[in-house]
Amino acid sequence: MKKTLAAVFAVALIALLSACGGTGAASAGGKTVTVYAVDGLEDWYTARFAEFKQQTGITVQAVTAGSGEVASRVEQEKANTQADVLVTLPPFIQRVAGLLQPYTPAGGDQVPDKDPQGRYFAMMNNYLSFIRNPGATPKTWDDLLDPKLKGKVQYSTPGEAGDGTAVLLQLQHVLGDQGALDYLGKLEANNAGPSSSTGKLQPKVAKGELLVANGDVQMNLAEIAKSGGFDVFFPADAQGRRSTFALPYYAGLVTNAPHPDDAKKLLDFLFSPEVQAKTADAFGIPARADVTATGANAAKIKAALDGVEIWTPDWTAVVGRLDADVAAYRKAVGR
């Protein structure tokens, strides 16, 4: 996304208010809940929020942007809260946890991945991945350094995008802290440039403008199902091991939310067994331990992750050192 943060949200909010008939229609027509949500689940949100309105009469206004952007917006508005619910990726949900109000949605006891203080809960599970154009055949991290890929590799920027930050964390896991910086310094020769949006890299790979980009399993499989054009893969290390880690969509109630009671109803709805079972509609994985996704989409998720080792970051530690890690990254790549 090349727009400024203020512009992104101004445009989004104007569009939403226009679609709802303006602020007058919202106040005259009944109840609304505003959700600041990381992009990647727009179609799924549209369907679920329509179901929620049918059940409760409450309209959901969804403002979507990058994971770091929606979290930053909640920080900027803490003196004049606009959002009721925040949905974003780690480590950004952890970074703004102090601006979230503890609330356990109905069924939250069945969600193993959650804040100990009850400020946020995993709503849908997801994993870091990479994508490649069918005309490219990289399989390892070293393959991405091939001079033949000059200007054809791009990843979203660590510190700005959740998936981009995940790339840095994955490389730290594979190569160590300094090894990750050294590697990204070398990769810069092939990098097409910074990007604050991971989702915008998908069409570029499909068209062949790029040959390799980062992504996540949910977003990538959903786009493949819709229009195809690329494959999902997990770069292997020097020993041939492929690994990744979970990047859940976390949801939480914003402190001083304008519509807290209705926001709680929305969270209860999103964590209900019926809605959790529909996460596979978007190629996501239910966060509730007592709900298992079935069907063709669930099978594709399982196939994509077959043979890939799953590791778990210490998100508290990640948040504690994030600023320093991002500063070191920028220095390593010369930005």
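Tabulated results
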{"item": "Exclusive hit being at pLDDT 95 or above and of a type outside the set (Ser, Thr, Tyr), set Leu16, Leu86", "result": "Leu86"}
{"item": "Residue check, Leu211 in contact (Cβ under 8 Å) with a residue 24 or more places away in the chain, open to solvent by less than 20 Å² (accessible area, probe 1.4 Å) and of a type in the set (A, V, I, L, M)", "result": "no"}
{"item": "Cross-chain or 6+ apart pairs with Cβ under 9 Å, segment 155-171 first and at positive phi and touching a residue at least 60 places away in the same chain (Cβ under 8 Å), then open to solvent by 10 Å² or more (accessible area, probe 1.4 Å) and hydrophobic (A, V, I, L, M, F, W, C)", "result": "Gly159/Leu322; Gly159/Val326; Gly159/Ala327"}
{"item": "Options Lys186, Lys204, Lys200: the member that is surrounded by fewer than 22 Cβ atoms within 10 Å (Cβ to Cβ), touching a Leu at 6+ places or on another chain (Cβ under 6 Å) and under 13 Å from Ile131 (Cβ atoms)", "result": "Lys204"}
{"item": "Condition met for Gly98 (at negative phi, touching a residue at least 24 places away in the same chain (Cβ under 8 Å) and of a type in the set (Gly, Ala, Ser))", "result": "no"}
{"item": "Within segment 116-148, tally of residues that are surrounded by 20 or more Cβ atoms within 10 Å (Cβ to Cβ) and farther than 17 Å from Met219 by Cα", "result": "6"}
{"item": "Boolean, Leu221 is in contact with a strand residue (DSSP E or B) (Cβ under 9 Å, 6 or more places away or on another chain) and closer than 20 Å to Thr140 by Cβ", "result": "no"}
{"item": "Count of segment 41-57 residues which are within 26 Å of Lys200 (Cβ to Cβ) and open to solvent by less than 30 Å² (accessible area, probe 1.4 Å)", "result": "5"}
{"item": "Among residues of segment 119-153, those that are free of Cβ contacts under 8 Å to residues at least 60 places away in the same chain and in contact with a Pro (Cβ under 9 Å, 6 or more places away or on another chain), counted", "result": "1"}
{"item": "Residues (in contact with a Phe, Trp or Tyr (Cβ under 9 Å, 6 or more places away or on another chain) and at pLDDT 95 or above) located in segment 31-43", "result": "Val33, Val35, Tyr36, Ala37"}
{"item": "Selected residue [at pLDDT 95 or above and under 23 Å from Glu75 (Cα atoms)] from Leu266, Leu305, Leu270", "result": "Leu266"}
{"item": "Selection status of Lys226, over 24 Å from Thr157 (Cα atoms), basic (Lys, Arg) and open to solvent by 20 Å² or more (accessible area, probe 1.4 Å)", "result": "yes"}
{"item": "Residue in segment 101-118 that is nearest to Glu188 (Cα to Cα), counting only those that are free of Cβ contacts under 8 Å to residues at least 12 places away in the same chain and out of contact with any Phe, Trp or Tyr (no Cβ under 7 Å at 6 or more places or on another chain)", "result": "Pro116"}
{"item": "Residue pairs meeting the criteria (Cβ under 7 Å; at least 6 apart or on separate chains; first at positive phi, in segment 48-69; second modelled with pLDDT of 90 or more and open to solvent by 20 Å² or more (accessible area, probe 1.4 Å))", "result": "Gly57/Lys31"}
{"item": "Residue within segment 58-77 that is surrounded by fewer than 20 Cβ atoms within 10 Å (Cβ to Cβ), assigned to a helix (DSSP H, G or I) and modelled with pLDDT under 90 present", "result": "no"}
{"item": "Residues of segment 229-249 satisfying the condition of being part of a loop (DSSP other than H, G, I, E, B) and either open to solvent by less than 20 Å² (accessible area, probe 1.4 Å) or hydroxyl-bearing (Ser, Thr, Tyr) (or both)", "result": "Phe230, Phe234, Pro235, Leu247, Pro248"}
{"item": "Tally, over segment 232-246, of residues that are under 23 Å from Leu89 (Cα atoms), of a type outside the set (Ser, Thr, Tyr) and touching a helix residue (DSSP H, G or I) at 6+ places or on another chain (Cβ under 8 Å)", "result": "3"}
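The values are calculated or read from the model by the stated rules, or taken from the named source; none is laboratory data. Because the structure is predicted, anything quoted here is derived from the model rather than measured. Positions of Cβ are backbone-derived with ideal geometry, glycine not excepted, and every protein chain shown enters the neighbour counts. These accessible areas exclude ligands, DNA and RNA; they are computed on the full protein's heavy atoms, side chains included. Shrake-Rupley method; radii C 1.70, N 1.55, O 1.52, S 1.80 Å.
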